Ligand SMILES: [Zn+2]
């Protein structure tokens, strides 16, 4: 039945170009007979939208909109299909997702034996680096099964440095050649925000064992990914692939959550902008390297700031880590973990402690930067809120946000609203659903069952947004919306989840007066869907299909079976 209806829609859309009297006010593009979810409180639903020169010039009824039809207007009868504002994904990792530097070699194997054969087959895929790089093992499995991680990797590959990044990206596993290249030895001290794991006993006691947590691993990856012309070309190609991918999910705005400028990534973004390759609006979050000297890093970052609403790309966010993650016991907790990893303090660690975080905010917010602060543990959240509080009076209009916010202590919950600190949560991964919180229990005990407090954030009056953290989670925002409304007592409504992906997220990107809702005067960033997500059963939300995506009235994606002319 559905298929038949759909086919008739296609049929009706064939040859819709109609000639109307000419008029200088005529719209370029008119949509009629739609189910338009505007996210504008004054007019939540409409039937018709008119677009001229990339902007929305009318929202209302199918009858009235035709007053704007002229000789060259394209009129599209939506036949009841749903239209929503363009999706804003406030936290993605574009180059991690798209770049093939290092072969983009993902290891799927569950056993060490399987890992070995996959890793060796990755040798052939390497490009843009002399290292062997791969991703996707699990630290717990590795530590359980390999007594000597470094020795094991040496026995597989010894003729070149090897670095394998854990699936969470918060630790890496290296061989002896990699440690030597990075100059990491027995007497090397742990860097800020990082742990060099070591052999506990035997002849090698105190020597690095091949596992580098958090910043210790980042430093090594930076070494393997130093900019070079081959890498730049591959990164650029990767970004083009991402630009093709995003509109397929109705995405029209993104915030890139970690631009590794030392790897040449900022240049790659600028090149994409100059070449008119961007298919979405972009806010770049420049990475604050924990191991950089503060003075020179702050001066460098200051110079990069750029905000101009006339352009698609803004360089106006700083990505900075307060703490790590729960898996590795590196998320900063108020009370100790139930179990401890050798070398990691019992309450986790900081990449940037409260004082240093506060200094960065104080020094960089006058330039216009908003901070995008990674916080997972309740202490990480608490300290980041403190740092924002210390700088609040100087800049009450800030758009600083805490991202992930997996654990929020009751006493900190009201502070988000009070300090105008935005909470950015990712729930597209099924591990975030309440019925799956058991994985955290060995680390957190009872606390495991009070995490991802989405509804509590909503009730606290906090400004919150939802994002993907792609490639950690699925890029598909409809999976995120489904999971936001399917979490028992922590559920929010579909309308609220959609707002967190549109108008709410536009606020984080300082574009809420230009995007995020379907309103006269705003950019025509519009998405046509195959279903009404506000009325279909919850389960059906994640199957939603995008049929058409427009950025300022220009088509950036059209489903093959959605024929307009
Ligand atoms: Zn992220």
For residue 267 and residue 230 in one chain, what is 0.36 nm times their gap in residues minus the Cα-Cα distance, to one decimal in nm?
11.9 nm
Could you please state, rounded to a whole Å, how far the C-alpha centre of the stretch 165-226 is from the C-alpha centre of the stretch 30-97?
52
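Can you put 158, 24 in order, fewest other beta carbons within 10 Å first? Each step should come with its number before you reach the end.
Working: 158 11, 24 5.
Least to most surrounded, the residues fall as 24, 158.
Please arrange 383, 67, 74 by how many other C-beta atoms lie within 10 Å of their C-beta, fewest to most. It would help to have the intermediate numbers written out before the result.
Details: 383 24, 67 13, 74 16.
Fewest to most other Cβ atoms nearby, the residues stand as 67, 74, 383.
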If I take R0 = 35 Å and measure r between the Cβ atoms of residue 555 and residue 24 in this structure, what FRET efficiency does the formula 1/(1 + (r/R0)^6) give, to the nearest 0.05?
0.90
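Fewest Cβ neighbours within 10 Å first, please rank 83, 407 accordingly. Don't jump to the answer; show the numbers that get you there.
Working: 83 23, 407 27.
Arranged by neighbour count, lowest to highest, 83, 407 become 83, 407.
Quick one: of the DSSP bridges fully inside the stretch 281-508, what percent are antiparallel, nearest 5? Please report the intermediate quantities before stating the final value.
Details: 2 of 23 bridges.
That works out to approximately 10 percent antiparallel.
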Report the paramagnetic label zone for residue 244: residues of the stretch 278-311 whose backbone N is under 20 Å from a point 7 Å from Cα along the Cα-to-Cβ axis.
278-281
Residues listed by number, the stretch 364-382, amide nitrogen under 13 Å from residue 411 label point at 7 Å toward C-beta:
379, 382
At residue 205 and residue 63, where each label point lies 7 Å from the Cα along Cα→Cβ, what is the point-to-point distance in nanometres?
8.9
Between the helical axis of 2-13 and the dominant principal axis of the chain, each derived from Cα atoms, what acute angle in degrees is found, rounded to the nearest 10?
60
Express in nm, to one decimal, how much length is gained between residue 41 and residue 493 on full extension, taking 0.36 nm for each residue of separation and deducting their alpha carbon distance.
161.2 nm
Using a basic spin-label model with each label point 7 Å from the Cα along Cα→Cβ, how many nm lie between residue 310 and residue 456?
4.7
With labels modelled as points extended 7 Å from the Cα through the Cβ direction, what inter-label distance (nm, one decimal) is found for residue 435 paired with residue 117?
3.5
Counting only DSSP beta bridges fully inside the chain, the antiparallel percentage to nearest 5 is 45
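What is the chain's relative contact order, in percent, from Cα pairs under 8 angstrom and six or more apart in sequence? Let's see the in-between values first.
Numbers: 1285 pairs, mean separation 91.4, N = 565.
Value for the chain: 16 percent.
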What full-extension length gain, to one decimal in nm, is calculated for residue 520 and residue 130 as 0.36 nm per residue of separation minus the Cα-Cα distance?
135.1 nm
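The chain: D in µm²/s via Stokes-Einstein (Kirkwood Rh, Cα pairs, 10 °C, 1.306 mPa s)?
Working: Rh = 24.9 Å.
Translational diffusion coefficient: 64 µm²/s.
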Using Cα atoms only, what is the angle between the long axis of helix 229-245 and the major principal axis of the chain, expressed in degrees (0 to 90) to the nearest 10?
40
Against the longest alpha carbon principal axis of the chain, how many degrees, from 0 to 90 and to the nearest 10, is the axis of helix 354-364 turned?
50
For the stretch 377-452 and the stretch 259-314, compute the distance between their C-alpha centroids and round to whole Å.
26
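Using a Förster distance of 56 Å, how high is the FRET efficiency between residue 274 and residue 449, based on the Cβ-Cβ distance and rounded to 0.05?
Values: r = 50 Å, r/R0 = 0.89.
So, using R0 = 56 Å, E works out to roughly 0.65.
Coordinate-derived values only; no laboratory data. These numbers were taken from a predicted model, which means no experiment stands behind them. Quick reminder, even Gly has a Cβ in these numbers, built from the backbone with ideal geometry, and neighbours come from all protein chains shown.
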